[in-house]
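Please read the structure below before turning to the comments.
The values are calculated or read from the model by the stated rules, or taken from the named source; none is laboratory data. Keep in mind that what you see is a predicted model, and the values were worked out from it rather than measured. Every residue, glycine among them, receives a Cβ derived from its backbone with ideal geometry; neighbour counts consider all protein chains shown.
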Amino acid sequence: MKVLVNNQLIEYKDEGSGRVVLLLHGWGTNLGTFDQLAGHLAQYFRVIRFDFPGFGQSPKPTDDWSVSDYARLTCDILEKLKVSGLHAVIAHSFGGRVAIKGVSQGYLEPTRIVLIGAAGVKPNSSIRTSLYKSVAKVGKIVTSLPLISLAQPALRKRLHAAAGSTDYLQSAQMQNIFLKVINEDLLPEVSRLTQPTLLVWGKDDTETPLTDANLMLKSLENGRLVIIPDAGHFVYTEAFDEVAKELDGFLL
């Protein structure tokens with residue numbers, strides 16, 4: 001289904017009934033990444049998910065959006081769909097950035113938060129930051145460079161994951177957005193989250209490593225971290241049964 005919100009045409013799905021649970025996908029994916037999880041949650045809740053502008057079936061923004069812009073749009077989508085109360089937001093990777101920003105700035109007011117392999121902690125190394133910038137500026141991932149391909153295989157994998165399967169590297173618009181996104185440190189805003197917050201992380205996540213989860217946990221007023229062994233960044237598909245069990249216990 002599609003809905004027009006603030007001149008943005010948004011692809012979305014609205015399933016189930018009852019208390020509302022919002023699913024926010026990661027960079028380079030779309031609402032379809034949550035098919036299995038949404039099907040499970042829709043047994044108990046009204047589950048809303050959508051393609052962020054620039055991903056899936058939602059056209060790119062016309063301006064250089066920041067995380068705040070995505071958070072404001074998320075709020076406006078809920079208003080458009082006549083959502084009066086939000087039970088929970090479940091956010092993966094880039095969606096975690098939007099959730100953190102949205103809640104900390106008052107755009108979203110869920111009673112519970114679930115962050116799955118969430119992004120938001122800015123890399124400490126200036127080398128990493130410059131590499132991310134270079135990737136976005138040149139419009140391709142330069143995996144042939146020895147520094148990336150040989151010395152830092154984990155970084156190469158993280159860059160590929162950040163790029164995802166979309167054409168953002170061919171779009172100047174998405175390149176500019178990408179730069180804004182990766183250079184904003186949201187850890188200070190994590191400390192503003194007062195709701196019960198569940199962190200779900202794959203132990204083998206190299207895109208948003210476990211160190212990020214531990215930093216977020218230390219900043220949270222009411223947080224709990226669940227580490228799933230033998231799973232990576234897409235833990236909610238790699239270890240669906242374990243994640244679904246944790247979510248049921250936290251949300252029901």
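Table: residues versus (1) more than 21 Å from residue 117 (Cα to Cα); (2) within 14 Å of the chain's Cα centre (by Cα); (3) in a loop (DSSP other than H, G, I, E, B).
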site	(1), (2), (3)
59	yes, no, yes
68	no, yes, no
75	yes, no, no
87	no, no, no
91	no, yes, no
100	no, yes, no
103	no, yes, no
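Just to be sure I understand the filter: pairs with C-beta atoms under 7 Å, separated by 6 or more residues or on different chains, first member in region 194-217 and under 13 Å from residue 119 (Cα atoms), second member aromatic (Phe, Trp, Tyr). Which pairs pass? What qualifies is 210/201; 213/201.
Do the conditions hold for residue 212, that is, is it closer than 24 Å to residue 67 by Cα, surrounded by 19 or more Cβ atoms within 10 Å (Cβ to Cβ), of a type in the set (Asp, Glu) and modelled with pLDDT of 85 or more? Steps first, answer last, please.
Details: closer than 24 Å to residue 67 by Cα: yes; surrounded by 19 or more Cβ atoms within 10 Å (Cβ to Cβ): yes; of a type in the set (Asp, Glu): yes; modelled with pLDDT of 85 or more: yes.
So residue 212 fits the description; yes.
When residues of region 226-237 are filtered for being over 17 Å from the mean Cα position of the chain (by Cα) and not small (Gly, Ala, Ser), how many remain? The number of residues fulfilling the criteria is 5.
Within region 6-42, the set of residues being out of contact with any strand residue (DSSP E or B) (no Cβ under 9 Å at 6 or more places or on another chain), in a strand (DSSP E or B) and either without any contact (Cβ under 8 Å) to a residue 60 or more places away in the chain or among the β-branched types (Val, Ile, Thr) (or both) is empty.
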